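Shown next, in structure tokens, is the structure this report addresses.
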Amino acid sequence: MSKFSHVPQPAKDPVMHSCVLFAQDNNPNKVNLGVGAYKDENGKPWILPSVRKAEETISSDLAKYSKEYPPQAGYPLFLKTCQELLFGEEHIAIQEKRIATCQSLSGSGSLHVGLCFFKENYSEHDFYYPSITWANHHLIHEKVYKDIPFCEYTYLYEDGKLAIDFQGMKRDFVNARDGSVFLLHACAHNPTGIDLTKQQWVEVKDIFKAKKHVAFFDLAYQGFATGSFEEDGYSVRMFAEEGVEMVVAQSFAKNFGLYGERVGACHIVHSDRHNSQLSANLQGVMCTIIRKTWSMSPVHGAYIIQTIGQDPELKKQYFEDVKTMSSRIKKMRQMLYDELVRIGTPGDWTPIKTCIGMFTFTGLTPAQVEYIKVKFSVYLLVQGGRMSMCGLTEKNVAYVANAMKQTVENVK
């Protein structure tokens, strides 16, 4: 008998398991609305034209873009590009050298670095997540903090209404002990697609300043949500300008379409103006965390980001590519909503068109999610009936709408 025979079967990850089931499904009309990856109007993966051009630049000069180890923190031009995309080129936090940045492995790697930083360098704090959040937040937290539990703050109303309970949220921020850390979705909240307004972000910022809370922003969709890096980065830029200390987990999987490259960055923004030594110390701490996990970050994705970010023409093309993706998602939202209304689907489907970004809570129950999968081969996530809008196309939107109508009519 194997020495490892005691190892149990692990719990299935809902997203990964859904992809497995979808691949095994023989229904020619099947639609995958579970996985968070952009698809074009034909339901195929899309490599951004700006990324294609950057790849040509990289492959034409392998002496410059070698396969050697990068600096521990990442290439300087990559780090510069990350900060400029996140905060804007003229942001005061950049000018005052209040930002420490380190390359990491996309969103999950950046979250891991940030959590390790808090665990090892910020003692006696409470850590809060939204009451509804991306499942991997909890998994990474448990990996880093072990038996130290996390807290939750109010996000949506508890009665199932698809709207933010802002009064409950503010109450939780105020009642938390001073200096607590809060995980905040900067834009395109995953999994609901329901975001705070700009005015609400200002109110949250005021509470954080008064309570000396620390923000931990998860920013996986900047530019991808509205088509504007400025709009999608509003909360992070405003908090940093106002001197709220924070960590930001930045991912380039969605907005650059670099899912498989696993490229991102972790930023720590402190409040000491022109204290570049503190920034260097914080960067060094992040490098130490990375050294004892994956050691060195991969170079190819970083080459793509810095090549686009430091070439004016490529950067201009890139911003157009981002608008192409966000515009298609908005179009599919409207088309699905219009079709649901046209065929008389019971219920209020307004959130389909008012939510933002890749995901939307449909409000379908677990039983309804199972029914629409078995009956129509339409795959959603159980939590809130989360739908990835990227799986919709002009060819399948009527099929999906009809499947949703029959589901809510037959499964109460």
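From the residues in the stretch 226-252 that are crowded, with 20+ Cβ neighbours inside 10 Å and aliphatic (A, V, I, L, M), which one is farthest from GLU84 (Cα to Cα)? So, considering only residues that are crowded, with 20+ Cβ neighbours inside 10 Å and aliphatic (A, V, I, L, M), the one farthest from GLU84 (Cα to Cα) is VAL244. For VAL369, are the conditions met, namely being over 24 Å from the mean Cα position of the chain (by Cα) and without any contact (Cβ under 8 Å) to a residue 40 or more places away in the chain? Criteria not met by VAL369. The single condition among (1) farther than 24 Å from LEU196 by Cα; (2) polar (S, T, N, Q); (3) in contact with a helix residue (DSSP H, G or I) (Cβ under 9 Å, 6 or more places away or on another chain) that ASN396 does not meet is (3). Cβ-Cβ under 8 Å, sequence separation 6+ or interchain: first residue in the stretch 51-78 and in a loop (DSSP other than H, G, I, E, B), partner surrounded by fewer than 12 Cβ atoms within 10 Å (Cβ to Cβ) and of a type outside the set (Ser, Thr, Tyr). Which pairs? Listed pairs, sorted by first residue: GLN72/ARG291. If the condition is being surrounded by 14 or more Cβ atoms within 10 Å (Cβ to Cβ), under 24 Å from MET332 (Cα atoms) and hydrophobic (A, V, I, L, M, F, W, C), then the stretch 1-46 contributes VAL15, CYS19, PHE22, VAL31, LEU33, VAL35, ALA37, TRP46.
Would you mind stating whether SER2 is hydroxyl-bearing (Ser, Thr, Tyr) and assigned to a loop (DSSP other than H, G, I, E, B)?
Details: hydroxyl-bearing (Ser, Thr, Tyr): yes; assigned to a loop (DSSP other than H, G, I, E, B): yes.
Considered against the rule, which asks whether it is hydroxyl-bearing (Ser, Thr, Tyr) and assigned to a loop (DSSP other than H, G, I, E, B), SER2 comes out as yes.
Looking only at the stretch 270-300, count every residue that is in a helix (DSSP H, G or I), closer than 17 Å to LEU115 by Cα and under 22 Å from the mean Cα position of the chain (by Cα) and tell me the total. Total satisfying the criteria: 3.
Among the numbered criteria (1) over 17 Å from SER388 (Cα atoms); (2) surrounded by 14 or more Cβ atoms within 10 Å (Cβ to Cβ); (3) modelled with pLDDT under 90, which single criterion is violated by PRO49? Of (1) over 17 Å from SER388 (Cα atoms); (2) surrounded by 14 or more Cβ atoms within 10 Å (Cβ to Cβ); (3) modelled with pLDDT under 90, only one is false for PRO49: (3). Of the residues making up the stretch 380-401, those that are farther than 13 Å from GLY43 by Cβ and either touching a residue at least 60 places away in the same chain (Cβ under 8 Å) or touching a strand residue (DSSP E or B) at 6+ places or on another chain (Cβ under 8 Å) (or both) are LEU380, LEU381, VAL382, GLN383, GLY384, GLY385, ARG386, MET387, ALA401. Only one entry in VAL20, VAL35 is β-branched (Val, Ile, Thr), closer than 29 Å to LEU139 by Cα, in the same structural domain as ARG386 (by TED's automatic domain parsing) and not in a loop (DSSP other than H, G, I, E, B), namely VAL20.
A search for C-beta distances below 8 Å between a residue of the stretch 319-347 that is in contact (Cβ under 8 Å) with a residue 40 or more places away in the chain and outside any helix (DSSP H, G or I) and any residue that is surrounded by 16 or more Cβ atoms within 10 Å (Cβ to Cβ) and among the β-branched types (Val, Ile, Thr), counting only pairs 6+ apart in sequence or on different chains, returns THR345/VAL408; PRO346/VAL408; GLY347/VAL408. Checking each residue in the stretch 205-225 for being more than 14 Å from the chain's Cα centre (by Cα) and buried (at least 23 other Cβ atoms within 10 Å of the Cβ) picks out only HIS213.
Keeping to the stretch 301-314, report how many residues are assigned to a helix (DSSP H, G or I) and surrounded by fewer than 17 Cβ atoms within 10 Å (Cβ to Cβ).
2
Test MET332 against the criterion of being of a type in the set (A, V, I, L, M), within 30 Å of ASN410 (Cβ to Cβ) and out of contact with any Pro (no Cβ under 8 Å at 6 or more places or on another chain), and give yes or no. Yes; evaluated as a whole, the condition is true for this residue.
Among the residues making up the stretch 84-138, a single one is in contact (Cβ under 8 Å) with a residue 12 or more places away in the chain, closer than 30 Å to ASP311 by Cα, among the polar types (S, T, N, Q) and surrounded by fewer than 22 Cβ atoms within 10 Å (Cβ to Cβ): SER108.
The values are calculated or read from the model by the stated rules, or taken from the named source; none is laboratory data. Since we're looking at a predicted model, the values are computed, not measured. Reconstructed Cβ throughout: ideal geometry from the backbone, glycine too, with neighbour counts over all protein chains shown.
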